[in-house]
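Undergrad: My structure is below; once you've seen it, I'll send some questions.
Coordinate-derived values only; no laboratory data. Keep in mind the model is a prediction, meaning the values are calculated, not measured.
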Amino acid sequence: MNKEFNELFDIKEDNDDKPNVQITTQKIVIHTLIRTIVLVVATAASCVLLFIAAYDSQISLGVLALLIVVGWFSLMIMEAIRLNKSNKTQLSTANMILVGLAVLMIFILILGIN
């Protein structure tokens, strides 16, 4: 009766229960290297702006340095969320590790100032 019921409603059994998600090759090393270079450039630019701001007593340069740091963090977190939604979890994890290392670097710099 089950066979007749399936034929009645034209239900066919699907033997290929493979996921529809396409697994692409994720170039983690290149991805991480590019983001690390951007982190180093953003850090250097922020430090230069902070030194100039401290030397000339200009608050606007300090605010610009803060915007660079906050912008980098925002972009990395948004990209990690986007990569995670598109099933590129390894690239997303690499971004979050870079964000964690940047936070650790900020804490070390703050502790070193005192």
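Undergrad: Residue-wise, which Karplus ³J(HN,Hα) couplings in Hz belong to region 63-72, taking 6.51 cos²θ - 1.76 cosθ + 1.60, θ = phi - 60°, and x for glycine or proline?
TA: Along region 63-72, the couplings run 5, 4, 5, 5, 5, 5, 5, 5, x, 5 Hz.
Undergrad: Moving on. Counting residues in region 25-113 as N, plug N into 2.2 N^0.38 Å and put the Cα Rg over that result.
TA: That ratio works out to 1.23.
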